[in-house]
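Input: a single structure, listed below in C-alpha cells.
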Amino acid sequence: MKIGIIGAMDVEIAEIKDSMKNITQEKISSVTYFQGTIHDKEVIVAKCGIGKVHAAVCAQTMILRYSPNVIINTGVAGSLNNKLDIGDLVISDYVVQHDFDTSGVGDPIGLISGLNLIKIPCKKSLVEKIKDAANNIENTNVYVGTIASGDQFICNTKQKDYIINHFDALCAEMEGAAIGHVCYLNNIDFCIVRAMSDKADGSANMDFPVFVQRAAKKSIELIDNYLKMI
Ligand code: ADE
C-alpha cells in the first residue's frame with residue numbers, strides 16, 4: 001500500500017516531510033516528489049503549488065511515476081458553514097469545482113464536461129478510515145461533507161453565498177477537486193482533508209495569515225493518525 005500525500009503550500013506539508021524516513025527525492029515539471037516511509041508505511045509526498053492546474057499536474061505525475069494506491073490532499077480551507085470554527089476539520093465525501101460553469105450551453109452549474117458529474121465521490125471506505133483517525137484529535141470538531149475547489153481565494157459573502165447556494169459545500173479551497181478529478185480519471189481512491197484557516201468572508205484576508213499555520217498542522221495531525229492506524 002503506497003499513500004500519496006499532496007499539499008499546495010510548504011506549510012501544508014512541512015511537518016509530514018520532517019517525519020519521513022528513508023527519503024529519496026526527484027523533481028519533475030517543477031514539483032519535487034519525496035518518497036519514503038512514515039510509521040513504516042510507504043508514502044510519496046509533494047507540494048503541488050496553489051490552484052487547480054498545479055494540483056492536477058502533480059496528481060497525474062504522481063500517479064504515472066509512483067503508482068500510489070490512494071491520494072490524500074491535506075491543507076487549509078475557508079469555512080462556508082457557521083457550525084465550522086477556525087481549526088475544525090473537514091473530510092471530503094464529495095468534491096466539486098465551483099468555478100466550472102458551462103450553463104451558457106444549457107448545462108447545470110458545476111457540471112464537469114466529459115465526466116457528466118457535478119460532485120465527484122470519494123471512496124467511502126477511505127473516508128470512514130480517515131474519520132476514525134480523527135477520533136482522538138482534541139478540541140476539534142470533525143465533519144464529513146462536500147469540499148468545493150476553484151481558482152479563487154473566497155473572501156466576500158457574494159462568492160461565499162454562490163458556492164453555498166449551488167453546491168451545499170462545507171468549505172472552499174483551491175486544489176482538492178482537481179486532485180479528485182485526476183484520481184477519478186485514473187481510478188485511484190482519494191480524499192481531501194482540510195482544517196479551517198478562515199471563514200471565506202470579509203475577514204478571510206486577515207484571518208488566513210494568522211491561522212494558516214495552526215490549521216495546516218491540524219490537518220497533518222489527522223493524516224499522521226491515519227498513517228499510524230492503517
Ligand atoms: N484556503 C484557505 N482559505 C481559503 C479561502 N477562503 N478560499 C480559497 N482557498 C482557501
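The values are calculated or read from the model by the stated rules, or taken from the named source; none is laboratory data. Fair warning: this is a prediction, and the values are worked out from it, not measured in the lab. In this analysis, Cβ positions are derived from the backbone assuming ideal geometry, glycine residues included, and neighbour counts consider all displayed protein chains.
Taking the range 86-115 as the range and being assigned to a loop (DSSP other than H, G, I, E, B), within 13 Å of the ligand (Cβ to nearest atom) and among the β-branched types (V, I, T) as the test, only I86 passes. Based on this model, can you work out whether K83 counts as part of a helix (DSSP H, G or I) and either within 16 Å of the ligand (Cβ to nearest atom) or farther than 19 Å from I13 by Cα (or both)? In short, no. Only one entry in I147, I188, I163 is more than 13 Å from the chain's Cα centre (by Cα), crowded, with 24+ Cβ neighbours inside 10 Å and modelled with pLDDT of 95 or more, namely I163. As a summary of the residue check, T74 satisfies the conditions (1) crowded, with 20+ Cβ neighbours inside 10 Å; (2) touching an Asp or Glu at 6+ places or on another chain (Cβ under 8 Å); (3) over 14 Å from E173 (Cβ atoms) except for the one numbered (3). Pairing each residue of the range 93-122 that is among the polar types (S, T, N, Q) with any residue that is at pLDDT below 95 and surrounded by fewer than 22 Cβ atoms within 10 Å (Cβ to Cβ), provided the two are 6+ apart or on different chains, yields C-beta distances under 8 Å for T102/S113.
Of the strands (runs of 3 or more DSSP E) entirely within the range 140-228, those holding at least 1 residues that are more than 10 Å from the ligand (Cβ to nearest atom) occupy 142-149, 189-198. Counting the residues of the range 15-50 that are in contact with a helix residue (DSSP H, G or I) (Cβ under 8 Å, 6 or more places away or on another chain), of a type outside the set (D, E) and not in a strand (DSSP E or B) gives 6. Taken over the range 62-79, the criterion of being more than 16 Å from the ligand (Cβ to nearest atom) and in contact (Cβ under 8 Å) with a residue 60 or more places away in the chain is satisfied by I63, Y66, S67, P68, N69, V70, I71, I72. Residue pairs whose Cβ atoms lie under 6 Å apart, separated by 6 or more positions or on different chains, with the first residue in the range 23-42 and loosely packed, with under 13 Cβ neighbours inside 10 Å and the second among the small types (G, A, S), are I23/G36.
Out of the range 37-74, which residues are over 25 Å from S125 (Cβ atoms) and more than 20 Å from the chain's Cα centre (by Cα)? Residue satisfying the conditions is R65 alone.
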